[in-house]
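Derivation of every value follows stated rules applied to the coordinates shown; laboratory data play no part. All figures in this text were calculated on a predicted structure; none of them were measured in a lab. Cβ: placed from backbone, ideal geometry, glycine included. Neighbour counts: every protein chain shown.
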Amino acid sequence: MLSSPLKWVGGKSKLRSRVIELLPADAECYAEVFAGAAWVLFGKPNHPVEAINDANGDLVNLWRVMKWRPAELLENVHQHLYSREMFLELRANRPAGPDEMERACWMYLMIQMSFGADLSRTRSASFGFWNKSPRDLFLSKSLKQFEPAKERLRDVFIESSDFEVFIRRYDQPATVFFCDPPYYGTCGYEEGFSPQDHARLADTLRSIQGRFLLTLDDCIETRALYGGFNVLKETEARALARASEGRVAAPILLVANYDIGDSAVQFNGTPVRPASQAAFDFAA
């Protein structure tokens, strides 16, 4: 099981084994709607067609450069140190030009050096450090993962679209969408994600031909949005405000429009519409 070469706020590194276990084995197209660090993509077996999407254009640019120009990206990153002064300089000087390598190097360094990979407010992002047990810094750990990441991305479509546009584009009966949107009422994402966006996502998923598996926090609003779908309750470890405080277990919902086991429940709402098993016919 490959590791992602990136950190990302809200990433599913701790929960991905459970997510992968619940993905339907017969899906012919895997489409990850809110990719982030794409931990699920890197951990799961290959599907015949695979696509990842994220609204953050700098993140998608980084994936693209990592796929097509990894050696040059490595060379540029190796010119930097894990330095608070360097981090503050990068934070104050976001690339404004069209140079995709400059943008990719900046994004990678900001992700790896910021606390919790939280770039929701880039100009106030905090430098990430620790003062207890030794840990590998990004120059000795994450860079080793570039080559396998490049190979894994070789046949993956990489997109930067609004989630509804992406879902409509890849929706077919044999598609499975994995959705890990920003949690309800929280930020952590530069683009933001409003209650109206959550409602639009739920409406979009109710109308698709394919199947979906979604992860979301357990609250009154999310239960109302996804009434009638199959739901499993799990917990995930979430980081607290300071690294020294560690992590705390928090409730999470796994929501799907297909069978995800005998322990699944349904909240009150519209009954689940079984996904069609018609033959897969991919159209761009």
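Go ahead and run the numbers for FRET between ILE220 and ARG169, Cβ-Cβ distance against an R0 of 35 Å, rounding to 0.05.
Working: r = 32 Å, r/R0 = 0.92.
Taking R0 as 35 Å, the efficiency between ILE220 and ARG169 is 0.65.
Can you list residues from other chains, or at least 5 along the same chain, whose modelled amide H is less than 5 Å from the amide H of ASP217?
HN-HN under 5 Å from ASP217: TYR184, LEU253.
Starting from the amide H of GLU159, placed 1.01 Å from N in the peptide plane, find each other amide H under 5 Å away whose residue is 5 or more places distant or on another chain.
Correct list: ILE52, ASN53, ASP54.
May I ask you to derive the FRET efficiency for SER3 and ASP197 from their Cβ-Cβ distance with R0 = 30 Å, giving the value to the nearest 0.05?
Working: r = 29 Å, r/R0 = 0.98.
Efficiency, from the Cβ-Cβ distance: 0.55.
Between SER207 and ALA250, take the C-beta separation as r, use R0 = 35 Å, and let me know the FRET efficiency to the nearest 0.05. Walk me through the numbers before you get to the answer.
Numbers: r = 30 Å, r/R0 = 0.86.
Once rounded, the FRET efficiency stands at 0.70.
What does the extension gain come out to for GLU234 and GLU102, with contour length at 0.36 nm per residue minus their alpha carbon separation? The partial results should precede the final answer.
Numbers: separation 132, 0.36 × 132 = 47.52 nm, distance 3.99 nm.
Length gained between GLU234 and GLU102: 43.5 nm.
Return the long-range amide H neighbours of PHE267 (sequence gap of 5 or more, or a different chain), with a cut-off of under 5 Å between placed amide H atoms.
GLY228, PHE229
Per residue of segment 70-76, what does 6.51 cos²θ - 1.76 cosθ + 1.60 with θ = phi - 60° give for ³J(HN,Hα)? Whole Hz please, x for Gly and Pro, Karplus curve as stated.
x, 5, 5, 4, 4, 4, 5
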